[in-house]
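Please treat every number below as a calculation from the coordinates, not as lab data. It should be emphasised that the depicted structure is a prediction, and the values quoted were computed from it without experimental measurement. Cβ placement follows ideal geometry from the backbone for every residue including glycine, while neighbour counts extend to all protein chains displayed.
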Amino acid sequence: MIRQGKSSTLYPSWIEIPAADLQRAVTFYRAVFGLEDIAFYDEPPMQIAVLLPSDKDHRLPGVSLVQSPSHRPGDAGPQVNFHVDTFAAFDIALAAVREYGGVMDTAIVDMGDGVRYITVLDSEGNRIAISSYEPVEGEDCALE
């Protein structure tokens, strides 16, 4: 039963991306997304690298790489879309994907509304999406 008039309690609070080789995966994600501050946790049998801490006050999910017996990389799991801002940032991210062991999984899709999108396999074999947005000439508003 859906409750009317109340906000949903369902939101993504954390995204765990499986890694077979945590250091290789960290190197990939640092290069592709320009990440600097990454916290590492050794919680046997898991090793965790937090790429983005969650902000529960604003319902913003955290993102981590996890190496453990139950976290198996692959291209058939949930797909996470990472937004990188401008087309220039998109091009830089795609160059890093190639340089750090990723593979373009699809051709770049130009949605025609200022959005570009592609799916790639990361250094561990996980399918992720990367998107960017620039306003179309004459468009009144940008994405919020």
- Message: So Ile130 ticks every box in (1) surrounded by 12 or more Cβ atoms within 10 Å (Cβ to Cβ); (2) of a type outside the set (Asp, Glu); (3) within 24 Å of Pro12 (Cα to Cα); (4) more than 15 Å from the chain's Cα centre (by Cα) but one. Which box is left unticked?
- Response: (4)
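Ala129 - would you say it is without any contact (Cβ under 8 Å) to a residue 24 or more places away in the chain and either among the aliphatic types (A, V, I, L, M) or not in a helix (DSSP H, G or I) (or both)?
no
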- Within the stretch 67-80, identify whether any single residue is polar (S, T, N, Q), within 28 Å of Tyr133 (Cα to Cα), part of a strand (DSSP E or B) and under 17 Å from the mean Cα position of the chain (by Cα), and answer yes or no. no
- For the stretch 53-104, enumerate the residues that are among the hydroxyl-bearing types (Ser, Thr, Tyr) and buried (at least 17 other Cβ atoms within 10 Å of the Cβ). Ser54, Ser64, Tyr100
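Could we say that Phe28 is touching a Lys or Arg at 6+ places or on another chain (Cβ under 9 Å), within 27 Å of Arg116 (Cα to Cα) and assigned to a helix (DSSP H, G or I) here? Show your work before the answer.
Numbers: touching a Lys or Arg at 6+ places or on another chain (Cβ under 9 Å): no; within 27 Å of Arg116 (Cα to Cα): yes; assigned to a helix (DSSP H, G or I): yes.
So Phe28 fails the test.
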